[in-house]
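Any read-out appearing in this document is the output of simple, stated calculations on the displayed coordinates, not a laboratory observation. On a predicted model such as this, the values are computed, not experimentally measured, just so you know. Note: ideal-geometry Cβ built from the backbone for every residue, glycine included; neighbour counts use all protein chains shown.
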Amino acid sequence: MKELIEYIAKSLVDDPASVQVSEIEGASSVILELRVAPEDMGRVIGRGGKVANAMRTLLRVVAAKQGKRASLEIIE
């Protein structure tokens with residue numbers, strides 16, 4: 001799951017080296033924290049949050065196949 005979010009984020013931003021994804025695992029849930037450069041924040045969130053919501057949807061599908069729940073937090 002971490003690799004998926006990292007791949008998508010690096011594809012979107014101008015500075016792929018600044019993309020950091022950290023994973024916090026619980027018993028049945030996973031929280032992924034995404035950090036990007038401040039100038040790339042708009043690209044990752046998208047107009048009206050559409051890109052961020054699409055990433056969250058893909059993450060939920062992958063997590064459901066593994067029998068887990070997942071959430072994505074985009075941190076400034």
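Brief remarks on what is shown
- Per-residue ellipticity at 222 nm from helix content only, as computed over the chain with -39500 (n - 2.57) for each DSSP H run of at least four residues, stands at -12500 deg cm²/dmol.
- Share, in percent, of DSSP beta bridges within segment 2-75 that are antiparallel, nearest 5: 45
- Principal-axis tilt of helix 50-65 within the chain, Cα atoms, nearest 10 degrees: 20
- Nearest-ten-degree value, helix 2-12 long axis tilted from longest Cα axis of the chain: 20
- Computed on the Cα atoms alone, the convex hull of the chain gives a volume of 73 cubic angstrom per residue.
- Label-reachable residues, segment 40-62, where backbone N falls under 18 Å from a point 7 Å from I75's Cα toward its Cβ: 40-42, 44-45, 56
- Neighbour-count ranking [beta-carbon atoms within 10 angstrom, fewest first] of E76, E33, E39: E76, E39, E33
- Förster radius 22 Å - calculated FRET efficiency between K50 and S29, Cβ distance, rounded to 0.05: 0.35
- Under a model in which nothing but the beta-carbon of Lys, Arg (+1) and Asp, Glu (-1) is charged, segment 27-67 shows a dipole of about 200 debye around its Cα centre.
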